[in-house]
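The values are calculated or read from the model by the stated rules, or taken from the named source; none is laboratory data. Computed from a prediction, not measured in an experiment: that's the story for all the values here. Here Cβ is always computed from backbone atoms with ideal geometry, including for glycine, and neighbour counts include all displayed protein chains.
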Amino acid sequence: MEVVVVANNKGGIGKSTLSILLSTYFAKQGLRTLGMDFDPQCNYSQQFINMEVDPEQTEVVRPPLHPEYEEGSVEHWHGRNSTADIFKAGSLVYGYDTEFENLQVIPGHSKDLLAVERVSEQELTSKVHKRLIEWFDTWKESDDDEDLFDIVIIDTGPSKGPLTTCALHAADHILIPAEMEEMSVEGLYGMLAYWRATNVQRPKSRPLNLIGILANKYDERLPIHRHYYETLNGHKSLGNAMLPIKMHNWQDYKEAMMSDGTPVLYLPPKNKTRMEAEKICQLVEEKMHVINASNA
């Protein structure tokens, strides 16, 4: 099971869009795919699940009752599963089926994920940082191969808080999307330092591999985008991390995120956005294979 985390501490740079693309791509390839939403905004979840407005806090959303839930049928199960339940002792966590074959999703729960982010510093390691690793390990020890997934995609929020740190500790690969603008580019140095610091704390036998930095929301018409893209590619330390492809700021990506939008990878085969998205996903897959081969 390969675990890929899409992360950057800056918001609004398309992490959810990229996570959605990768999830639908790998599922379409026939791989058993699990998507996990660690972002309290839950944009990733809303793409696949009919999320509900929380009646207690109308500015946040929560998962619907699980289709297989029957009141009182399973002990310790309240019927609404989210990634936040991973951090609750004794909670059961079930994935939700989606309209895409081979793809299940464990959605976020805005209020509960924010509660995890507020955990005290003394509790971080025991209750958050190592919890996802333990959860995955328990899953991998299952005797039922049908319960396992080939690939897990984790969408993260715009922070370096407990949830993102937890995801980085448990993942095999990290993919960093970035806009070609000053604030985002400056933040890349911090993200790479964050990745390196995570690796210092991990066993050398299972490093967090950097797939690369993806230029996102790119607009060829903007001189500033061209400037920063060229600057980064020529940079001594960042140049090698830059992926040789861009994700453009095209309308199809935005429309795909609408409730009635067509997923990018299901647009007509000759659609330019679909062709670009397929190339990005294929490159990520190739990078993962190369990394795995070099680690073998």
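Got a sec? Which of Leu243, Leu188 is within 23 Å of Ile153 (Cβ to Cβ), assigned to a helix (DSSP H, G or I), among the hydrophobic types (A, V, I, L, M, F, W, C) and under 22 Å from the mean Cα position of the chain (by Cα)?
Selected residue: Leu188, the only one of Leu243, Leu188 that is within 23 Å of Ile153 (Cβ to Cβ), assigned to a helix (DSSP H, G or I), among the hydrophobic types (A, V, I, L, M, F, W, C) and under 22 Å from the mean Cα position of the chain (by Cα).
Okay, residues lined up against (1) part of a loop (DSSP other than H, G, I, E, B); (2) within 17 Å of the chain's Cα centre (by Cα); (3) more than 28 Å from Tyr25 (Cα to Cα); (4) at pLDDT below 95:
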{"position": "Cys166", "(1), (2), (3), (4)": "no, yes, no, yes"}
{"position": "Ala215", "(1), (2), (3), (4)": "no, yes, no, no"}
{"position": "His225", "(1), (2), (3), (4)": "no, no, no, no"}
{"position": "Ser259", "(1), (2), (3), (4)": "yes, no, no, yes"}
{"position": "Pro268", "(1), (2), (3), (4)": "yes, no, no, no"}
{"position": "Arg274", "(1), (2), (3), (4)": "no, no, no, no"}
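If you go through segment 190-208 one residue at a time, do you hit one that is under 30 Å from Asn50 (Cα atoms), aliphatic (A, V, I, L, M) and either in contact (Cβ under 8 Å) with a residue 12 or more places away in the chain or in contact with a helix residue (DSSP H, G or I) (Cβ under 9 Å, 6 or more places away or on another chain) (or both)?
Among the residues of segment 190-208, not one is under 30 Å from Asn50 (Cα atoms), aliphatic (A, V, I, L, M) and either in contact (Cβ under 8 Å) with a residue 12 or more places away in the chain or in contact with a helix residue (DSSP H, G or I) (Cβ under 9 Å, 6 or more places away or on another chain) (or both), which makes the answer no.
Do we have any residue at all in segment 141-162 that's in a helix (DSSP H, G or I) and in contact (Cβ under 8 Å) with a residue 24 or more places away in the chain?
The answer is yes; a qualifying residue exists.
Let's see how each residue does on (1) under 26 Å from Asn43 (Cβ atoms); (2) in contact with a helix residue (DSSP H, G or I) (Cβ under 9 Å, 6 or more places away or on another chain); (3) in contact (Cβ under 8 Å) with a residue 60 or more places away in the chain; (4) not β-branched (Val, Ile, Thr):
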site	(1), (2), (3), (4)
Val185	yes, yes, no, no
Lys236	no, no, no, yes
Gln251	yes, yes, no, yes
Met258	yes, no, no, yes
Leu267	yes, yes, no, yes
Glu286	no, no, no, yes
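Is it the case that segment 214-221 has a residue that's loosely packed, with under 15 Cβ neighbours inside 10 Å and under 20 Å from Val5 (Cα atoms)?
Checking segment 214-221: not a single residue is loosely packed, with under 15 Cβ neighbours inside 10 Å and under 20 Å from Val5 (Cα atoms).
For segment 150-157, state whether one or more residues are surrounded by fewer than 17 Cβ atoms within 10 Å (Cβ to Cβ) and either at pLDDT below 95 or not basic (Lys, Arg) (or both).
yes
Can you find, within segment 191-213, the residue that is nearest to Ala7 (Cα to Cα) among those that are touching a Lys or Arg at 6+ places or on another chain (Cβ under 9 Å) and not in a strand (DSSP E or B)?
In this case the residue turns out to be Met191.
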